[in-house]
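Here's the structure we're looking at; comments come further down.
The values are calculated or read from the model by the stated rules, or taken from the named source; none is laboratory data. On a predicted model such as this, the values are computed, not experimentally measured, just so you know. Cβ coordinates were reconstructed from backbone atoms using ideal geometry, including for glycine residues, and neighbour counts include every protein chain displayed.
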Amino acid sequence: MAQSLVTGADGFVGQHLIAELLRRGDSVVGAVLEIPPRLTTLPASDAARVRWVKMDLRQAQTVRELVRAQPVERIFHLAALSSVSESLSDPVSPLLINAVGTLHLLEELERLRGERGYDPTVLISGSAEVYGSAAIRCRPLTEDCPLEPLSSYAVSKVAQEMLGLLFHRTAGLSVIVTRSFNHTGPGQRPTFVAAQLAGRIQEIRAGGGKGVVKVGNPSVRRDFTDVRDVVRAYLALSERGEAGQVYNVCSGRCHAISELLEILVELTGVQVEVQRDDWARRADVPEMVGNYRRLSEATGWSPTIDIRQSLADLLAGQQPG
């Protein structure tokens, strides 16, 4: 039975990952900012099997105490401030949490490696936002494409990634980094576009079946992967990935925001009027699609759940507001 630590354990991906780890028989430590954790999809029976611990990445002492008290074989570092739009109004927080917080974790692991030879596999969940404007020229995006971030969030994820690779090269830590593209599925919180749309569609359905949906830029195209496929990728990389390597986690398929809305409307039978909103990002690329060949060659992984199923399952978990 393997022992795994999941940071950001009450997040969207974290809860799905924990459920799968438990299903496979792992012992799981869940690091969260607040106890009790804010759970949306993890069943109570599974939550009861997790050892929940409090950790704030901004505070080095709490990271130190966690890592020293909870020796594990695998660390899935998912904790992050993950909203690009929020980073536009608060550019400092993602740098503190994503970059400096990861530095706190890696520094403690380096110390423990020197003291005890402790060498867990560390998977850092990064973001395809690091590619930024390179997505205009690189279609599809491979791991060899340049990094041209367009937000404070994306800069923080570049720094997080570089720190992980630095500590692999200089301290020998077994770090694997992902560049994860957009993902969705059951339990996603409404700070992300697919969940926002699904929540609004459910409101319209509950209110009589007709209504207005506001979107920023419906023509923007993104590569969406189901969260359950993302979890499978993370587990596969923790078992068969190469330390010091970076892997795209994506579907290799692109969908416009308008396509997501069309699928949601078709699934629910509502009638909507689409209106442009003013929350479109000031620096956005029209299309971002990835290539997952490196991941597939290393692990045999490929996506299995299509966008229609992801959205249907997302809808099933939405409550009208």
| Test result for Leu197, buried (at least 24 other Cβ atoms within 10 Å of the Cβ) and out of contact with any Asp or Glu (no Cβ under 9 Å at 6 or more places or on another chain) | yes
| request: Could you please give the count of residues in the range 42-80 that are within 14 Å of Gly14 (Cα to Cα) and small (Gly, Ala, Ser)? | output: 3
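For the condition surrounded by 16 or more Cβ atoms within 10 Å (Cβ to Cβ), closer than 20 Å to Tyr234 by Cβ and in contact (Cβ under 8 Å) with a residue 60 or more places away in the chain, what is the one hit in Ala80, Ala31?
Values: Ala31 fails: in contact (Cβ under 8 Å) with a residue 60 or more places away in the chain.
Step by step, each of Ala80, Ala31 is checked, and only Ala80 is surrounded by 16 or more Cβ atoms within 10 Å (Cβ to Cβ), closer than 20 Å to Tyr234 by Cβ and in contact (Cβ under 8 Å) with a residue 60 or more places away in the chain.
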| remark: Counted residues in the range 290-306 being over 14 Å from Ser180 (Cα atoms) and among the charged types (D, E, K, R) come to 2
| query | Could you list, in sequence order, the residues of the range 112-144 that are within 15 Å of the chain's Cα centre (by Cα) and either assigned to a loop (DSSP other than H, G, I, E, B) or over 28 Å from Gly172 (Cβ atoms) (or both)? | reply | Glu129
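One residue is enough: does the range 86-98 have a residue meeting the conditions out of contact with any Phe, Trp or Tyr (no Cβ under 7 Å at 6 or more places or on another chain) and closer than 22 Å to Ser174 by Cβ? Steps first, please.
To start, the set of residues in the range 86-98 that are out of contact with any Phe, Trp or Tyr (no Cβ under 7 Å at 6 or more places or on another chain) comprises 86, 88-93, 95-98.
From what is left, the residues that are closer than 22 Å to Ser174 by Cβ are 98.
Yes, because at least one residue in the range 86-98 is out of contact with any Phe, Trp or Tyr (no Cβ under 7 Å at 6 or more places or on another chain) and closer than 22 Å to Ser174 by Cβ.
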| Is one or more of the residues making up the range 283-303 under 21 Å from the mean Cα position of the chain (by Cα) and closer than 30 Å to Gly209 by Cα? | no
| query | Got a number for residues in the range 146-165 being assigned to a helix (DSSP H, G or I) and free of Cβ contacts under 8 Å to residues at least 40 places away in the same chain? | reply | 2
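If we keep just the residues of the range 1-21 that are polar (S, T, N, Q) and in contact with a helix residue (DSSP H, G or I) (Cβ under 8 Å, 6 or more places away or on another chain), which is surrounded by the most Cβ atoms within 10 Å (Cβ to Cβ)? Let's see the steps before the verdict.
Start the filter on the range 1-21 by keeping residues that are polar (S, T, N, Q), which leaves 3-4, 7, 15.
Pick out the ones that are also in contact with a helix residue (DSSP H, G or I) (Cβ under 8 Å, 6 or more places away or on another chain) and you get 4, 7.
On the way: Ser4: 24, Thr7: 27.
Among them, the one singled out is Thr7.
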| query | Quick check: anything in the range 166-180 in a helix (DSSP H, G or I), surrounded by 21 or more Cβ atoms within 10 Å (Cβ to Cβ) and in contact (Cβ under 8 Å) with a residue 40 or more places away in the chain? | reply | yes
| request: Go through the range 150-164 and give me each residue that's surrounded by 19 or more Cβ atoms within 10 Å (Cβ to Cβ) and within 15 Å of Ser125 (Cα to Cα). | output: Tyr153, Ala154, Val155, Ser156, Lys157, Val158, Ala159, Gln160, Glu161, Leu163, Gly164
| When residues of the range 264-321 are filtered for being at pLDDT 95 or above, out of contact with any strand residue (DSSP E or B) (no Cβ under 8 Å at 6 or more places or on another chain) and small (Gly, Ala, Ser), how many remain? | 5
